[in-house]
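Please treat every number below as a calculation from the coordinates, not as lab data. In this text the structure is predicted, and so the values were computed from the model without any measurement. We place every Cβ from the backbone using ideal geometry, glycine too, and count neighbours over all the protein chains shown.
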Amino acid sequence: MSSLRRTTRTDGEGMHLGIFMPNCSNAYSISTYKLVPDDWTFESNLAVTRVAEEVGFDFLFPVSRWRGFGGECNYLGNSLETMTWASALLAHTTRIGIFSTVHVPVFHPLVVAKMGATLDHIGRGRWGINIVSGWCKGEFQMMGLDILDHDERYRRTEQFIECVTGLWREKPGTFEYESEWYEIRGGYVSPQPPVQPPIVNAGTSDAARDLVAKHCDWSFMCPPTLEIAAEIAADVKARARRLGRSVRCVAAVQALWADRAEDAETEREKTVAGADPVAIQNWAGELGIESGSFDDTPLDAYAFGAGALPVVGTRETVAETLRDLYEVGIDGVLFCFHDFLNDTRRVGDEIVPLLREIGIAREPALRASERASTA
Ligand SMILES: Cc1cc2nc3c(=O)[nH]c(=O)nc-3n(C[C@H](O)[C@H](O)[C@H](O)COP(=O)(O)O)c2cc1C
């Protein structure tokens with residue numbers, strides 16, 4: 001038994017545990033160094049999914065990309081499209097939540113509402129959607145699509161969400177919508193989803209925070225520090241409260257832990273030493289310049305975890321960081337790993353028992369860990 005301080009937060013429901021899945025190559029270190037060979041294949045995603053469900057993770061989350069970012073590693077150059085990816089994983093699972101990510105400029109909202117309703121039927125209410133405005137010009141230019149100015153993109157995203165949720169809620173055949181971007185007459189989506197799917201947005205700019213407060217259930221972020229996570233969570237939740245809504249927040253963390261903290265640190269250093277400067281420039285340069293949201297992220301954090309909060313040390317370091325995030329208003333963690341399959345299992349074996357001690361483990365993980373400890 002270790003002696004970790006229990007959480008002092010009383011208004012939460014435990015820390016939701018998620019995985020930023022390896023549905024893309026080089027997920028998610030912009031580095032040529034790999035602890036284990038890179039594996040973005042469906043077989044690998046399915047293997048991670050099965051372990052995640054078994055050890056009590058709450059949700060799986062993909063990245064959506066249409067092309068890679070060059071450099072020596074061609075960062076995210078292979079990727080599995082996330083609607084079709086989720087469809088197969090939902091069919092192979094029974095409990096865990098699974099998200100897809102869509103880029104607003106690429107789809108018509110009625111098509112997304114239809115595909116989403118289908119996915120939610122396949123998963124019997126376990127599917128969710130991350131609706132992103134898009135920022136990578138190269139992806140959209142390839143399709144002959146223009147990219148709008150930053151805040152205009154969010155205005156379009158707001159209209160997109162209004163269409164999708166309207167089609168999911170209103171009687172099929174009755175949804176009417178007319179705006180600058182979309183016109184829907186007698187919008188018909190049937191069947192509708194069995195459960196209203198949770199909506200995520202993963203931006204943290206001023207425009208994104210307003211959108212999340214008004215229309216989303218979850219705000220996902222890559223906070224460079226605990227303090228920034230605290231500021232974003234407090235602000236997004238306050239904006240939602242002012243509208244009579246509530247929003248939960250998830251922070252992406254790049255977790256690397258070993259029995260001896262020095263060993264984890266050595267691995268981190270090897271990953272940073274293998275930084276792929278061209279891919280970092282192509283990815284972070286454009287994203288950072290576009291939004292300003294990554295201005296505080298040091299270069300090493302891109303090489304190590306593409307901007308996710310680095311958490312390096314022992315299992316206690318990971319558990320205590322999760323507690324600290326929880327106490328500043330973060331409701332869920334999106335784990336990025338260096339060895340997805342093994343680390344997913346290790347969260348169940350090594351981290352969840354500590355979360356139980358701290359008082360932030362949630363029901364599925366608690367049950368799985370109790371089963372394991374009495375086996
Ligand atoms: C956890 C997380 C996941 C994201 N996933 C994607 C994605 O799959 N595709 C994409 O184009 N952008 C993705 N983004 C980028 C965001 O959608 C957004 O463009 C970026 O955070 C900048 O937004 P902002 O300027 O509003 O802060 C992701 C961001 C975060 C934090």
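Hey, what angle do you get for helix 363-374 against the long axis of the chain, alpha-carbon based, 0 to 90 degrees rounded to 10?
So the inclination is approximately 30 degrees.
Name the longest site-free stretch of the chain, where the excluded sites are GluC sites (Glu not before Pro) in a DSSP loop with no more than 16 other beta-carbon atoms within 10 Å.
181-375
Which shape class applies to the stretch 203-348: rounded if a/c is under 1.5, otherwise prolate when a/b exceeds b/c and oblate if not, where a ≥ b ≥ c are the square roots of the Cα gyration tensor eigenvalues?
Taking the square roots of the gyration eigenvalues as a ≥ b ≥ c, the stretch 203-348 is oblate.
Looking at 66, 187, 147, which one has the Cα that reaches farthest to the positive end of the dipole of the chain (charges on Cβ: Lys, Arg +1; Asp, Glu -1)?
Toward the positive end, the furthest listed residue is 187.
What is the fewest-to-most order of 93, 271, 101, 374 by other Cβ atoms lying within 10 Å of their Cβ?
Neighbour counts put them in this order, fewest first: 374, 93, 101, 271.
Separation between the residue 273 and residue 91 pseudo-spin-labels, each 7 Å from Cα along Cα→Cβ, expressed in nm?
4.5 nm
Report for the stretch 16-374 the percent antiparallel among DSSP-assigned beta bridges with both residues inside it, nearest 5.
Rounded to the nearest five, the antiparallel share is 15 percent.
Over the chain, what is the relative contact order in percent, taking alpha-carbon pairs closer than 8 angstrom and at least six residues apart?
Relative contact order of the chain: 24 percent.
In whole Hz, what ³J(HN,Hα) sequence does the stretch 312-317 give by Karplus (6.51, -1.76, 1.60; θ = phi - 60°), x for Gly and Pro?
10, x, 9, 4, 5, 4
What dipole magnitude, in Debye to the nearest 20, does the chain give about its Cα centre under +1 on Lys/Arg Cβ and -1 on Asp/Glu Cβ?
1260 debye
How far, in nm, would the chain grow between residue 152 and residue 195 when pulled straight, counting 0.36 nm per residue and subtracting the alpha carbon separation?
Full extension from residue 152 to residue 195 adds 12.4 nm.
Taking only Cα atoms and a 10 Å spring cutoff, compute GNM fluctuations for the chain and point out the largest among 256, 148, 110.
148
For residue 270, give me every one of the lysines with a C-alpha distance below 19 angstrom, ignoring sequence neighbours fewer than eight places off in its own chain.
Cross-link targets: 34.
Which ordering of 11, 38 is given by a fewest-first count of other beta-carbon atoms within 10 Å?
Ascending Cβ contact count within 10 Å gives the list 11, 38.
Taking just the alpha carbons, could you work out the radius of gyration and Dmax for the stretch 105-185, both in angstroms?
Computed over the Cα atoms of the stretch 105-185, radius of gyration and Dmax are 13.8, 39 Å.
Would you kindly state how much longer the chain becomes between residue 260 and residue 10 on full extension, computed as 0.36 nm times their sequence separation minus their alpha carbon distance, in nm to one decimal?
86.8 nm
Using only Cα atoms, what is the ratio of the radius of gyration of the chain to 2.2 N^0.38 Å?
0.95
Run the numbers for residue 170 and residue 38: contour at 0.36 nm per residue of separation, minus the present Cα-Cα distance, in nm.
43.1 nm
Per the helix-only calculation at 222 nm, which mean residue ellipticity applies to the chain, given -39500 (n - 2.57) for every DSSP H run of n ≥ 4 and division by its residues, nearest 500 deg cm²/dmol?
Rounded to the nearest 500, the figure is -12500 deg cm²/dmol.
Whole angstrom only: what separates the Cα centroid of the stretch 99-117 from the Cα centroid of the stretch 228-284?
Using only Cα atoms, the two centres lie 26 Å from each other.
Straight-line reach only, C-alpha to C-alpha below 22 angstrom: list the lysines that residue 171 could link to, leaving out same-chain residues fewer than 8 apart.
Within reach: 114.
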